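Peer 1: Quick one: the structure is below, questions incoming.
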Amino acid sequence: MALSVTVAMSAITTAFGLLDRQRLSISSRVVLLTLTLGLTLVESMHSATDAIDVAEELTRYSALVSLAIVAVVAASARPKHPVVPVAEAAAASLLMLADGGPHEPLLPYLLAPALDAGLLAGVRGAVFVAGASSAMVLLARLVGSTRRDLVSYSAVSAEWVMLALLAGVLAAWARRLGVRTTGPHEAYPAAYRLVSQLRTVSRHLSGGLDAVSLARMLLEQMKERTHYDRAAVFVPGPAGRLVPLVSDGHLPDWDNNLRGDGVMADAWSHQRAVLSTVGLNGTTGLASMAMPLTVGARTIGILAAERRGRWEFDDTEEFDAFVEDASLRIETALLFGEVRAIATAEERKRLAREIHDGIAQELAFMGY
């Protein structure tokens, strides 16, 4: 049974190695928790002498479920840290081996952190998980938490630790299969597929993929809602300063230093809109505003505006929805422009080399 579980989970890992690791991690835990629940119920019905023993087994299973939930949440918060499956394996092993263990119905769950570690960190992660489980096996024996004789205890524990290691190694192999290397002859076919998909998608984009046009549309929407006098959309530039992507009468002395304490720097660092009773260059009698343009957890630009007198609103919540939508559009256009620049850079270098070599050859010919 143990071998069949390992083979089945490894086959799933190999078949779905290209899928999202978090989704596969959750799926494997659900499968293994369902299996351990069935084994726990069967074991309780066959060997339990009273209701107290059954309650203890179910309590231990509930603790394992809680551990799995904590591990999934922790892995979601820190998806690239292999310490999560290692800590989960250690805690699960301690739970299974404590209080007269090993509790065999729960042992299949050791495959879950091993699979997770193998997909995340490769063979090294699988070895770390097996090492953590082995350390708990030794600790439980040293503190005398088991009633099993040494041979039986060691055989059962070693069997599942080795199976977990095998599952982790197979998961690491599936991880390697999921990373395709692109050879020199595959670069253009891959680029063709991507560009073809981009062409299909771009036909359905209402604003196109021009960052300047999209930023100008954002300013027009803000003009209607805020009645500003001057405004601009800024993007990161050199030396920690913002540079205007699109301007509607902005002044060159606006404080655009991200390392300073101005309105734009505050909005950038805290990722929140800032309203001020002075202008963006510190001038009194003006009201200013800076709204961060964010995509996910990243700030990709700043919408800054000012006007004479006071703003007609106390907060910017009514603008959040369309500013967020515009931020995604502008960032998409900026990425497209970056890809286009990268694609033409190599061609420019090649032409420059050919021109340079051609001139050098003609000069050398004339010299002789």
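Peer 1: Would it be correct to say that V274 is out of contact with any Lys or Arg (no Cβ under 8 Å at 6 or more places or on another chain), over 24 Å from R329 (Cα atoms) and β-branched (V, I, T)?
Peer 2: No; evaluated as a whole, the condition is false for this residue.
Peer 1: Look through R348, R340, R308, R353 and report the one residue that is among the basic types (K, R) and either within 30 Å of R272 (Cβ to Cβ) or at pLDDT 90 or above (or both).
Peer 2: That would be R308, the only listed residue that is among the basic types (K, R) and either within 30 Å of R272 (Cβ to Cβ) or at pLDDT 90 or above (or both).
Peer 1: Also, I was wondering about something else. Kindly indicate the residue of the range 78-95 that is open to solvent by 60 Å² or more (accessible area, probe 1.4 Å) and modelled with pLDDT of 70 or more and also farthest from the chain's Cα centre (by Cα) among those meeting that condition.
Peer 2: Once the filter is applied, the top-ranked residue is L94.
Peer 1: Are any residues in the range 190-210 open to solvent by 50 Å² or more (accessible area, probe 1.4 Å) and part of a helix (DSSP H, G or I), and if so, which ones?
Peer 2: Once the filter is applied, which keeps residues that are open to solvent by 50 Å² or more (accessible area, probe 1.4 Å) and part of a helix (DSSP H, G or I), the range 190-210 yields Y192, R193, L194, V195, Q197, L198, R199, T200, V201.
Peer 1: Here is a further query. Taking the range 12-41, which residues are modelled with pLDDT of 50 or more and of a type in the set (G, A, S)?
Peer 2: Hits for the range 12-41 are S25, S27, S28, G38.
Peer 1: Can you confirm whether A290 is touching a Leu at 6+ places or on another chain (Cβ under 6 Å), surrounded by 20 or more Cβ atoms within 10 Å (Cβ to Cβ) and not aromatic (F, W, Y)?
Peer 2: So A290 does not fit the description; no.
Peer 1: Considering the range 186-222 alone, what residues qualify as being touching a residue at least 40 places away in the same chain (Cβ under 8 Å) and acidic (D, E)?
Peer 2: D210
Peer 1: When only residues in the range 299-315 that are among the charged types (D, E, K, R) and in contact with a Lys or Arg (Cβ under 8 Å, 6 or more places away or on another chain) count, which is surrounded by the most Cβ atoms within 10 Å (Cβ to Cβ)?
Peer 2: E306
Peer 1: Taking the range 42-77, which residues are exposed (fewer than 14 other Cβ atoms within 10 Å of the Cβ), modelled with pLDDT under 75 and of a type outside the set (A, V, I, L, M, F, W, C)?
Peer 2: H46, S47, T49, D50, D53, S76
Peer 1: Something else: Report, by residue number, each residue of the range 216-243 that is open to solvent by less than 60 Å² (accessible area, probe 1.4 Å), outside any strand (DSSP E or B) and closer than 21 Å to E338 by Cβ.
Peer 2: L218, G237, G240 - these are the residues of the range 216-243 that are open to solvent by less than 60 Å² (accessible area, probe 1.4 Å), outside any strand (DSSP E or B) and closer than 21 Å to E338 by Cβ.
Rundown of residues vs (1) under 28 Å from the mean Cα position of the chain (by Cα); (2) open to solvent by less than 50 Å² (accessible area, probe 1.4 Å); (3) of a type in the set (K, R), yes/no style:
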{"site": "D253", "(1), (2), (3)": "no, no, no"}
{"site": "S276", "(1), (2), (3)": "no, yes, no"}
{"site": "T294", "(1), (2), (3)": "yes, yes, no"}
{"site": "E317", "(1), (2), (3)": "yes, no, no"}
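Peer 1: Could you tell me which of the residues S134, S213, S157, S145 is at pLDDT below 75, open to solvent by less than 90 Å² (accessible area, probe 1.4 Å) and outside any loop (DSSP other than H, G, I, E, B)?
Peer 2: Testing whether each residue is at pLDDT below 75, open to solvent by less than 90 Å² (accessible area, probe 1.4 Å) and outside any loop (DSSP other than H, G, I, E, B) leaves just S157.
Peer 1: Here is a follow-up. With the checklist (1) farther than 20 Å from M222 by Cα; (2) open to solvent by 40 Å² or more (accessible area, probe 1.4 Å) in hand, flag the one item G262 doesn't pass.
Peer 2: Looking at each condition in turn, G262 falls short on (2).
The values are calculated or read from the model by the stated rules, or taken from the named source; none is laboratory data. Owing to the predicted nature of the structure, the values given are computational and were not obtained by experimental measurement. In this analysis, Cβ positions are derived from the backbone assuming ideal geometry, glycine residues included, and neighbour counts consider all displayed protein chains. Only protein heavy atoms, including side chains, enter the accessible area calculation; ligands, DNA and RNA are left aside. Shrake-Rupley method; radii C 1.70, N 1.55, O 1.52, S 1.80 Å.
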